[in-house]
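Q: Next up is a structure, given as structure tokens.
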Amino acid sequence: MPEVIFPGPDGRLEGRYQPPKMKNAPIALILHPHPRFGGTMNNKVVYHLYHAFARRGFAVLRFNFRGVGRSQGEFDNGIGELSDAASALDWLQTYNPDAPSCWIAGFSFGAWIGMQLLMRRPEIQGFISVAPPASMYDFNFLAPCPSSGIIIQGTADEVVPQESTAKLAEKLQAQKGITVDYVTIPGASHFYENHMDQLVGSVDGYLDKRLI
């Protein structure tokens, strides 16, 4: 799990990169929660998402958005962070030019950024969105959502109300040509304290289903 520094649109970005276990492996990019509220690439949910893909032989990158850790720049309310994510995916693709597929996973703020990147990069074939902040940000840009994926939400989330995420999932599930799973984890708070095993189990189960 080597540390990497790569160029971003507003300076250097710091990441952790898991090289693929074999040639022509798929790639995955993992995005962390809100920088203004302590979100970093070392968040526990982000860490477990990263390793879920690494265990399956993916080339995986997680990184700090601008202004977090050793990443240069300043918080930009999502606009610059989307550019950071695009640069991170560019870097990942440069080192894995023959990757047969590409996935994106994000937690909270990172899920919002990830879904925006999904709309801009047609090579992304699957997504995992954990607690997407549908009550705080507009997700109407997903019209239509171009890829299948899973949305995971805790029923006791004190930051993102379950009702708002359920409405987002229902809207996406009504779209033709894709399949969006919606999984709730009973009793789980926003950061999945005491429910991390259930979260990891949901992610593992979904990936096993999609990657047959």
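Q: Which number in (1) over 18 Å from Val45 (Cα atoms); (2) part of a loop (DSSP other than H, G, I, E, B); (3) open to solvent by less than 30 Å² (accessible area, probe 1.4 Å) marks the one condition that Gly73 misses?
A: (3)
Q: In addition: Let me confirm something: among Ser108, Ser101, which residue is of a type in the set (Gly, Ala, Ser), open to solvent by less than 50 Å² (accessible area, probe 1.4 Å), farther than 21 Å from Gly154 by Cβ and touching a residue at least 60 places away in the same chain (Cβ under 8 Å)?
A: Of Ser108, Ser101, the one residue that is of a type in the set (Gly, Ala, Ser), open to solvent by less than 50 Å² (accessible area, probe 1.4 Å), farther than 21 Å from Gly154 by Cβ and touching a residue at least 60 places away in the same chain (Cβ under 8 Å) is Ser101.
Per-residue answers, yes or no, for (1) out of contact with any Gly (no Cβ under 7 Å at 6 or more places or on another chain); (2) among the charged types (D, E, K, R); (3) closer than 26 Å to Pro26 by Cα:
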site	(1), (2), (3)
Met115	yes, no, yes
Arg120	yes, yes, yes
Glu123	yes, yes, yes
Phe127	no, no, yes
Pro132	yes, no, yes
Tyr137	yes, no, no
Asp157	yes, yes, no
Ile178	yes, no, yes
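Q: How about the stretch 128-145: which of its residues are hydroxyl-bearing (Ser, Thr, Tyr) and crowded, with 21+ Cβ neighbours inside 10 Å?
A: Once the filter is applied, which keeps residues that are hydroxyl-bearing (Ser, Thr, Tyr) and crowded, with 21+ Cβ neighbours inside 10 Å, the stretch 128-145 yields only Ser129.
Q: Still on this structure, I have one more. Of everything in the stretch 169-186, what is touching a helix residue (DSSP H, G or I) at 6+ places or on another chain (Cβ under 9 Å) and farther than 18 Å from Ser135 by Cα? Give them in sequence order.
A: Ile178, Thr179, Val180, Asp181, Ile185, Pro186
Q: Shifting gears a bit: Do you know which of the residues in the stretch 157-212 that are touching a strand residue (DSSP E or B) at 6+ places or on another chain (Cβ under 7 Å) and either among the polar types (S, T, N, Q) or modelled with pLDDT under 95 (or both) is surrounded by the fewest Cβ atoms within 10 Å (Cβ to Cβ)?
A: Thr179
Q: Would the stretch 112-127 turn up any residue that is touching a strand residue (DSSP E or B) at 6+ places or on another chain (Cβ under 7 Å), closer than 23 Å to Val4 by Cα and open to solvent by 10 Å² or more (accessible area, probe 1.4 Å)?
A: Scanning the stretch 112-127, I find no residue that is touching a strand residue (DSSP E or B) at 6+ places or on another chain (Cβ under 7 Å), closer than 23 Å to Val4 by Cα and open to solvent by 10 Å² or more (accessible area, probe 1.4 Å), so the answer is no.
Q: Is at least one residue of the stretch 44-56 over 13 Å from the mean Cα position of the chain (by Cα), assigned to a loop (DSSP other than H, G, I, E, B) and modelled with pLDDT of 95 or more?
A: yes
Q: Of (1) open to solvent by 10 Å² or more (accessible area, probe 1.4 Å); (2) without any contact (Cβ under 8 Å) to a residue 60 or more places away in the chain; (3) acidic (Asp, Glu), Glu81 satisfies all except one. Which?
A: If we test Glu81 against (1) open to solvent by 10 Å² or more (accessible area, probe 1.4 Å); (2) without any contact (Cβ under 8 Å) to a residue 60 or more places away in the chain; (3) acidic (Asp, Glu), just (1) comes out false.
Q: What are the pairs with Cβ atoms under 7 angstrom where one residue, in the stretch 159-176, is over 19 Å from Ser189 (Cα atoms) and touching a residue at least 24 places away in the same chain (Cβ under 8 Å) and the other, located anywhere, is outside any helix (DSSP H, G or I) and of a type in the set (A, V, I, L, M)? Sequence gap at least six, or different chains.
A: As it stands, the answer is Leu172/Leu142; Leu172/Val180, since those pairs meet every condition given.
Q: From the list Ser202, Ser164, exactly one residue is among the polar types (S, T, N, Q) and closer than 13 Å to Ile128 by Cβ. Which is it?
A: Ser202
The values are calculated or read from the model by the stated rules, or taken from the named source; none is laboratory data. These numbers come from a predicted model, not from an experiment. With ideal geometry, Cβ positions are generated from the backbone for all residues, glycine too; neighbour counts draw on all protein chains shown. For the accessible areas, the whole protein counts, side chains as well, though only heavy atoms, and no ligand, DNA or RNA atoms are used. Shrake-Rupley method; radii C 1.70, N 1.55, O 1.52, S 1.80 Å.
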